[in-house]
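One structure is given below, encoded as structure tokens.
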Amino acid sequence: MANMGSRKHLKRFKAPKTWPIHPKEETWTVKPSAGSHSIDEALSLTLVIRDILGLADNSREAKRIINSGNVLVDGRVVKDYKFPVGFMDIIEIPKTGDVYRVLLDNKGRLQLNPIEDNDFKLCKIVNKSTIKGGNTQLNLHDGKNVIVEEDTYKVGDVINLKVPEQEIAESFKLEEGATVLVTGGKHTGELGTVTEIIVNESSNPNTIVIENSSKDNFLTLKDYAFVVGNETPAISLLEVNK
């Protein structure tokens, strides 16, 4: 018998640090299935329903809730109890009327923030390619992709998608003056304004200077900057837990 558990389960003490669970409360937890987010950047729906929201006392009850079609992710019913939910995903429980956006706290842990604006979702462009017919496919941070006829986007920009239609409502460029949320490093979870983008000529990664609400400037990797709007955030971002 494997030390890490089955394909469906994972020992809690082996769980990624991004998971907001206590390693000593139970022995096992449910691994998210492979898909839109990597295992260290996602939570399984079972973990969300049982451990975070407390809507079920055990895995069996959580599975029953999920299998009954009582959970929506990005506006669509999901019945897979191992379905992976990650950063910026929108989770909706119609029976309770509760809606949450998955964000990161300042320790890099995934957390659920209550929201009301569940019609839109921000997605970062991580790659793009030209497809048949000359159109461009935008590959997004959550594993989804969107095809556009007119390519006015750059890798690192963020698009605001209408869900569940996945139609682009607007876009935000990663540029000076943009409002960004930091998704990695010691400043994870901080919100600020881009004051400078530093492009390195060498093989070193590009960096970015951000000014936070206290008017302090800090340096982080450009890849850690997730644009959430121009002068103000385009979505509700409650202050993360400290």
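The values are calculated or read from the model by the stated rules, or taken from the named source; none is laboratory data. Quick caveat: nothing in here was measured; it's all calculated off a predicted structure. Don't worry about glycine lacking a Cβ; one is built from the backbone with ideal geometry, like all the others, and counts go over all protein chains shown. Just the protein is used for accessible areas: all its heavy atoms, side chains included, with ligands, DNA and RNA removed. Shrake-Rupley method; radii C 1.70, N 1.55, O 1.52, S 1.80 Å.
Can you pull out every residue in region 160-219 that is among the hydroxyl-bearing types (Ser, Thr, Tyr), open to solvent by 30 Å² or more (accessible area, probe 1.4 Å) and not in a strand (DSSP E or B)? The answer is Thr183, Ser202, Ser203, Ser213, Ser214.
Restrict the check to region 221-242 and report whether at least one residue is modelled with pLDDT under 90 and not in a loop (DSSP other than H, G, I, E, B). Within region 221-242, one or more residues are modelled with pLDDT under 90 and not in a loop (DSSP other than H, G, I, E, B).
For region 147-159, residues that are under 16 Å from the mean Cα position of the chain (by Cα) and assigned to a strand (DSSP E or B) total 2. Restricting the first member to region 186-198 and to residues that are closer than 13 Å to Tyr224 by Cα, and the second to residues that are charged (D, E, K, R) and open to solvent by less than 40 Å² (accessible area, probe 1.4 Å), the beta-carbon pairs closer than 6 Å and six or more apart or on different chains are Gly189/Asp105. Screening Pro94, Pro84 for residues that are out of contact with any strand residue (DSSP E or B) (no Cβ under 6 Å at 6 or more places or on another chain) and farther than 15 Å from Leu161 by Cβ leaves exactly one candidate, Pro94. If I filter region 53-70 for residues that are within 17 Å of the chain's Cα centre (by Cα) and either farther than 22 Å from Ile168 by Cα or open to solvent by less than 50 Å² (accessible area, probe 1.4 Å) (or both), do I get at least one hit? Checked region 53-70: no residue is within 17 Å of the chain's Cα centre (by Cα) and either farther than 22 Å from Ile168 by Cα or open to solvent by less than 50 Å² (accessible area, probe 1.4 Å) (or both).
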